[in-house]
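Before any comments, here is the structure.
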Amino acid sequence: MNGVLPRLMAAVALLAPVFLARAQTTDLLPAQTRLVSSSGAPAPTENDFSIAVAQDLIVTLTDLQVPAALSSATVVVTQAGTLVGSATLAPPATTATVKIAGAVGQYVLRVFGAPNASYSIGTFTACVAPQSGPSNCIQSASIAGNISTPSAAADPTVSTLSVDLRVVTGGTYTVTFADDKFPAALNAAPNLALFQGSSSIAGVPGGIQSGATVALNPGTYTLLAIAQADQTVKAGSYGIAITGPAGVAPLLNSTFPVGLLGAASPATNPTPQNLTVKVVDFAFPAALADARALVTAGAANLGTVSAAGGPLSFAAPTGPLQIWSFATAGTKAGTYEVDLTSSTASLRQAAFGVNNGNSLAFAFLTPALDAGVSYQATAADFLFPQALQGLQFAVAQSGAILNQAAAAGTVTFTPVSGPVALLVDATTPASGNGLFDVNVKKSAASSPLIFDKTQAAGLSGLFDSQAIIVGGSGSFDATLTDLDFPAPFNDLALVVSSGGTILGKIFGGGQFSFAATPGTYQLTFVATPAVQQAYGIYAVKIVNSAPVITLSASPTAVVTGAATTLSWTTANATACTASGGSWTGSPAIGSGSVALSVTATTIYTLTCSGAGGSSKKSVTVTATAAPAGSKGGGGKIDPGLILVLSGVLLFGLHTRKSKRRRGRALEP
């Protein structure tokens, strides 16, 4: 039996199909829907949900009429790139429904509309439930929310602050704060108050005075603060520190911006040492009226520096630092850089653009470049959706312009070791938008891109830009679809670009194909809802367009002369060719199978072509000679098989003898 069992097991294994090649489809951007809100429209409420088991669903949108009935409300459900259904409340009705037959998979539910004009806010629920029980809401899919009117533009010089503080160790804490007078003194000292829940702990009325102490028990507190920047500069900053008993970490130790002051650039100081900060005005495309920087460590002001005043050296503690930057344009837009260095290293380098009217300035830092190597920087106007009225750019390093151009094109430069700043000035049409790209690579032929940035100039309608990474070469189809909900877009477009080259673009909707190699690609969208419409929905996808093939053989190992069955499926193919052994010709597109006699070990290959290129898959079937003596005549007999046959023979003889004995016993 030892020789028979392994052969029987091997024979069973050969009956199981084996898939040796299965093509994988890589989609750069799977089908999806996107909702666009016009400027000033309330943000829609959105929820993603999943249905695991197919079932008929009903979505019920209900106006709760709190504090008053909504002026309008719409619920829309999408799946991948498809509009599944929508419903709009028609007053005086307070509910609207959407039915989804055989729902299964991932969905997105969105609700938007307008509140009652008298109250500027309204509330709703959206219940997703089985059609057999409309009130049995599926909690993970259903939502509740409000629709509000955006508030009027607030005073840009006023900033409010709310910070939660957790006290672990009770005791006396000291609150200190100070105006950094950067870039100018605040209009008035910050006003602070401390609460626990709704109860005032300190500062009401009149505000907490800097240096005040307050006794705090363990628990959670909320610090509220309000500050107003200088009315001319419209920007400011101040620091707050709340320190407690010895050995207890401060509850708060930070600097906060006011008004139009932007976020800080972070840096880390590895050891207590003297540092140097400097501000460089590149005077590109024109000199700035002012450019300055502030360095802070927590709430501490370490020093202020301006481009006109030169570098500043100061003592810095170990740990995180923040660099605050501020500038005002001169006659045109401008660019500048802030550098923080120790005696041996650069701790932070940041570059900025300052706009002036329709002259828009941009500054981008590249990765570190090699010293003494020739590089080239290229800027291109994509003429999308309109041509820019002007485009000039420069390459700067160590505070100096290395090369520049007055129009789109390419310049060469040789840097020292480290990053360079790419400076761009784009002049937009009086009422419109543009799109440009700037990139850097080595001057040597066929060098890959080191840096690539696609940037919108002007913001009316240009609402979205994203990068996608391609891991392998392939062909892709980009599809943009206006879902005409609630009305067709006024403007809708998509452009795909790489390295300053447009690979394809769509206006209004449609499809284009493009070939891609490994690297980063830029997608830029333009979407402007129809006139008098606050919202619009479109679908987009970027999918693999090359033929996709699966090929299998069953069995994959045979005795010479025996048969195997090849099975295949294809997608995105218009023609296929077979090769290997007796498999030739043009197999069916879509799916098929064929039985073949295998006379020797053979590699079977299916090659398919289509609009997206060509692909091929192969499978190997191994053929081995039949065991010696398997055809009879003089071969050796397996001892195990002899034992099996002997057992069968003895059992038969025993059975016949038993029958004869029973027969004799029954005779009269």
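General observations
- Flag for residue 225 being among the small types (Gly, Ala, Ser), part of a loop (DSSP other than H, G, I, E, B), within 27 Å of residue 173 (Cα to Cα) and not assigned by TED's automatic domain parsing to the domain that holds residue 365: no
- Among the conditions (1) at pLDDT 95 or above; (2) of a type in the set (A, V, I, L, M, F, W, C); (3) at positive phi, the only one that residue 80 does not satisfy is (1).
- Pick from the range 433-449, criterion hydrophobic (A, V, I, L, M, F, W, C) and part of a loop (DSSP other than H, G, I, E, B), ranking: surrounded by the fewest Cβ atoms within 10 Å (Cβ to Cβ): 445
- Wholly within the range 44-94, strands (runs of 3 or more DSSP E) carrying at least 3 residues that are among the acidic types (Asp, Glu): 45-63
- Residue list for the range 415-465, restricted to those being farther than 22 Å from residue 489 by Cα, of a type outside the set (A, V, I, L, M, F, W, C) and in contact with a Ser or Thr (Cβ under 6 Å, 6 or more places away or on another chain): 419, 427, 437, 439, 441, 443, 454
Every residue, every condition in (1) in contact with a His (Cβ under 6 Å, 6 or more places away or on another chain); (2) part of a strand (DSSP E or B); (3) within 30 Å of residue 309 (Cα to Cα); (4) free of Cβ contacts under 8 Å to residues at least 60 places away in the same chain, yes or no:
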site	(1), (2), (3), (4)
215	no, yes, no, yes
242	no, yes, no, no
263	no, no, yes, yes
274	no, yes, yes, no
295	no, yes, yes, yes
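- Residue within the range 497-506 that is assigned to a loop (DSSP other than H, G, I, E, B), among the small types (Gly, Ala, Ser) and under 21 Å from the mean Cα position of the chain (by Cα) present: yes
- Segments classed as strands (runs of 3 or more DSSP E), wholly inside the range 529-634, with at least 1 members that are surrounded by 12 or more Cβ atoms within 10 Å (Cβ to Cβ), in contact (Cβ under 8 Å) with a residue 24 or more places away in the chain and of a type in the set (Lys, Arg): 535-544, 613-624
- Residues (part of a strand (DSSP E or B) and either among the small types (Gly, Ala, Ser) or not assigned by TED's automatic domain parsing to the domain that holds residue 251 (or both)) located in the range 179-208: 188, 189, 193, 199, 200, 202
- Beta carbons closer than 6 Å, at least 6 apart along the sequence or on distinct chains, pair a first residue in the range 347-358 that is assigned by TED's automatic domain parsing to the domain that holds residue 292 with a second that is among the charged types (D, E, K, R) and surrounded by fewer than 21 Cβ atoms within 10 Å (Cβ to Cβ) for 349/339; 356/332.
- Identity of the residue in the range 1-42, under 30 Å from residue 509 (Cβ atoms) and exposed (fewer than 12 other Cβ atoms within 10 Å of the Cβ), that ends up modelled with the lowest pLDDT: 24
- Residues that are of a type in the set (Val, Ile, Thr), in a loop (DSSP other than H, G, I, E, B) and modelled with pLDDT under 90, drawn from the range 105-155: 149
- Pair list, Cβ < 8 Å and 6+ apart or interchain, from the range 446-458 residues that are closer than 14 Å to residue 422 by Cα to residues that are among the acidic types (Asp, Glu): 452/437; 453/437; 454/437; 455/437
- Only residues that are touching a Ser or Thr at 6+ places or on another chain (Cβ under 8 Å) and either free of Cβ contacts under 8 Å to residues at least 40 places away in the same chain or surrounded by 15 or more Cβ atoms within 10 Å (Cβ to Cβ) (or both) were counted in the range 92-121, giving 16.
- Residue list for the range 524-546, filter: within 19 Å of residue 477 (Cβ to Cβ) and at pLDDT below 90: 524, 525, 543, 544, 545, 546
- Here residue 489 fulfils each of the conditions (1) part of a strand (DSSP E or B); (2) modelled with pLDDT of 90 or more apart from (1).
- Each residue in the range 403-432 was checked for being in contact (Cβ under 8 Å) with a residue 40 or more places away in the chain and either farther than 20 Å from residue 523 by Cα or surrounded by 20 or more Cβ atoms within 10 Å (Cβ to Cβ) (or both), and 18 pass.
The values are calculated or read from the model by the stated rules, or taken from the named source; none is laboratory data. Nothing here was measured: the structure is a model prediction, and the numbers come from that model. Every residue, glycine among them, receives a Cβ derived from its backbone with ideal geometry; neighbour counts consider all protein chains shown.
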